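Colleague: I am attaching a structure below and will ask some questions about it afterwards.
The values are calculated or read from the model by the stated rules, or taken from the named source; none is laboratory data. On a predicted model such as this, the values are computed, not experimentally measured, just so you know. Cβ placement follows ideal geometry from the backbone for every residue including glycine, while neighbour counts extend to all protein chains displayed.
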2 protein chains.
Amino acid sequence: MQAHRANGLPVTIQRRVVFEAVMEREDHPTADQIYEAVREQAPQISRMTVYRILGNLVTLGLLAKTSHPSSVARFDPKTRQHHHLVCLNCGGIIDLEEERLNKIAWPDVRSFGFEIEDYHINFRGRCAACRQAVKKSKKTRK
Amino acid sequence: MQAHRANGLPVTIQRRVVFEAVMEREDHPTADQIYEAVREQAPQISRMTVYRILGNLVTLGLLAKTSHPSSVARFDPKTRQHHHLVCLNCGGIIDLEEERLNKIAWPDVRSFGFEIEDYHINFRGRCAACRQAVKKSKKTRK
DNA sequence: TTGTATGCAAAAGGTTTGCAATGAT
DNA sequence: ATCATTGCAAACCTTTTGCATACAA
């Protein structure tokens, strides 16, 4: 909220509620999931407002859109550098913080004229739940 | 096309054309961009067919959906491990192949029950064109 | 009081689905 | 001849936009 005041933006109930809802979550929710979560505290809130506020928070740099092969936007309140475990089966995202992974030497991309700001690593594979499901279905199939 | 035959799937004109169009591109096109490109060779093709064929190719493992913060699916015909430069301004993606980046030791994720298959790194920053544009607008502003 | 945020409605992508007709094997 | 694929239309889901009203400063 300080961030809003710092930018001269009014602090509304909706902004407060959306902000708190998204910041406390670690499961990289979609805009719609935030909407559903927030309706408990602010039943009159509209879906559009949630989309707009999330967009604002991204612009202010308090929130990041995660890269994900699916076509729905997912939001991540963690601003410091970290990495992701992405499940190829269910699409779930798990945060991964490991100092060693933050220390990779940047490649030389001068030939592209590209200027690197930061990076993150996506490790792809199968999460615990999906591995269980596969095991079970194999058993049943026999 | 061998992949289609190997899976017992008919080889249609549409499949051939879409397959060839997407495989020869390095710019990570969207489904719609493929549709436009393909219409030159097969004007009667429908957009839905292109979507369906691209989906099939992903399922067959011949094509990958790239992770991207925007909400449109982009396709990448490169199957071997590689990494990406993602422009934060225009959303453009540049392929990056550097052996060193393929040799990062996988983190220990046994505590999550997660099984890693592979990984890729997204370097985020500004591409050459967007850096030029920023420079120019700064000049003009003064 | 002033100006921005909100809510509503409606539209705009991008993508998926159901079904009859077409086409590959 | 058989069965999957295609094309069409329409639906669907997520997200964006325009404008009058409500609200924070």
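Colleague: Kindly indicate whether B:Ile34 is in a loop (DSSP other than H, G, I, E, B) and surrounded by 15 or more Cβ atoms within 10 Å (Cβ to Cβ). Working first, answer last.
Modeller: Details: in a loop (DSSP other than H, G, I, E, B): no; surrounded by 15 or more Cβ atoms within 10 Å (Cβ to Cβ): yes.
Judged against the criteria, B:Ile34 is not a match.
Colleague: Looking at B:Arg5, B:Arg25, B:Arg80, can you tell me which residue is farther than 24 Å from A:Val109 by Cα and either modelled with pLDDT under 95 or more than 11 Å from DNA strand C (Cβ to nearest atom) (or both)? It would help to see each step written out before you state the result.
Modeller: Working: B:Arg25 fails: farther than 24 Å from A:Val109 by Cα; B:Arg80 fails: farther than 24 Å from A:Val109 by Cα.
Testing whether each residue is farther than 24 Å from A:Val109 by Cα and either modelled with pLDDT under 95 or more than 11 Å from DNA strand C (Cβ to nearest atom) (or both) leaves just B:Arg5.
Colleague: Among the residues of the stretch B:132-141, is any surrounded by 13 or more Cβ atoms within 10 Å (Cβ to Cβ), on the phi < 0 side of the Ramachandran plot and more than 8 Å from chain A (Cβ to nearest Cβ)? So that I can check it myself, show each step before the final result.
Modeller: The first filter runs over the stretch B:132-141 and keeps only residues surrounded by 13 or more Cβ atoms within 10 Å (Cβ to Cβ), leaving B:133.
Among the residues that remain, those that are also on the phi < 0 side of the Ramachandran plot are: B:133.
Next cut, more than 8 Å from chain A (Cβ to nearest Cβ) only: B:133.
Scanning the stretch B:132-141 turns up at least one residue that is surrounded by 13 or more Cβ atoms within 10 Å (Cβ to Cβ), on the phi < 0 side of the Ramachandran plot and more than 8 Å from chain A (Cβ to nearest Cβ).
Colleague: Can you run down the residue pairs with Cβ atoms below 6 Å, 6 or more apart or on separate chains, where the first is in the stretch A:105-126 and in contact (Cβ under 8 Å) with a residue 60 or more places away in the chain and at the interface with chain B (Cβ under 7 Å from one of its Cβ atoms) and the partner is outside any strand (DSSP E or B) and buried (at least 20 other Cβ atoms within 10 Å of the Cβ)?
Modeller: Within 6 Å, no pair qualifies.
Colleague: From B:Val58, B:Val50, grab the single residue that is of a type in the set (A, V, I, L, M), without any contact (Cβ under 8 Å) to a residue 60 or more places away in the chain and within 13 Å of DNA strand D (Cβ to nearest atom).
Modeller: B:Val50
Colleague: Return the residues of the stretch A:28-52 that are more than 8 Å from DNA strand C (Cβ to nearest atom) and over 20 Å from A:Ser71 (Cβ atoms); say none if nothing qualifies.
Modeller: A:Ala37, A:Val38, A:Arg39, A:Glu40, A:Gln41, A:Pro43, listed by residue number.
Colleague: Filter the stretch A:19-47 down to the residues that are within 11 Å of DNA strand D (Cβ to nearest atom) and within 14 Å of another protein chain (Cβ to nearest Cβ) and list them by number.
Modeller: Pass one, the stretch A:19-47, residues within 11 Å of DNA strand D (Cβ to nearest atom): A:29-36, A:44, A:46-47.
Hits for the stretch A:19-47 are A:Thr30, A:Ala31, A:Asp32.
Colleague: Can B:Arg47 be described as farther than 27 Å from A:Val134 by Cβ and out of contact with any helix residue (DSSP H, G or I) (no Cβ under 7 Å at 6 or more places or on another chain)?
Modeller: Working: farther than 27 Å from A:Val134 by Cβ: yes; out of contact with any helix residue (DSSP H, G or I) (no Cβ under 7 Å at 6 or more places or on another chain): no.
For B:Arg47, the condition - farther than 27 Å from A:Val134 by Cβ and out of contact with any helix residue (DSSP H, G or I) (no Cβ under 7 Å at 6 or more places or on another chain) - is not met.
Colleague: Quick check on my filter: what residues within the stretch A:78-98 are more than 10 Å from every other protein chain (Cβ to nearest Cβ), within 16 Å of DNA strand D (Cβ to nearest atom), surrounded by 15 or more Cβ atoms within 10 Å (Cβ to Cβ) and assigned to a loop (DSSP other than H, G, I, E, B)?
Modeller: The one that is more than 10 Å from every other protein chain (Cβ to nearest Cβ), within 16 Å of DNA strand D (Cβ to nearest atom), surrounded by 15 or more Cβ atoms within 10 Å (Cβ to Cβ) and assigned to a loop (DSSP other than H, G, I, E, B): A:Gly91.
Colleague: Determine which single condition A:Arg25 fails, assuming it passes every other condition in (1) in contact with a helix residue (DSSP H, G or I) (Cβ under 7 Å, 6 or more places away or on another chain); (2) outside any helix (DSSP H, G or I).
Modeller: Going through (1) in contact with a helix residue (DSSP H, G or I) (Cβ under 7 Å, 6 or more places away or on another chain); (2) outside any helix (DSSP H, G or I) one by one, A:Arg25 breaks only (1).
Colleague: Does B:Leu101 satisfy the condition of being away from DNA strand C (no atom under 12 Å from the Cβ), within 14 Å of chain A (Cβ to nearest Cβ) and in a strand (DSSP E or B)?
Modeller: On the way: away from DNA strand C (no atom under 12 Å from the Cβ): yes; within 14 Å of chain A (Cβ to nearest Cβ): yes; in a strand (DSSP E or B): no.
No; evaluated as a whole, the condition is false for this residue.
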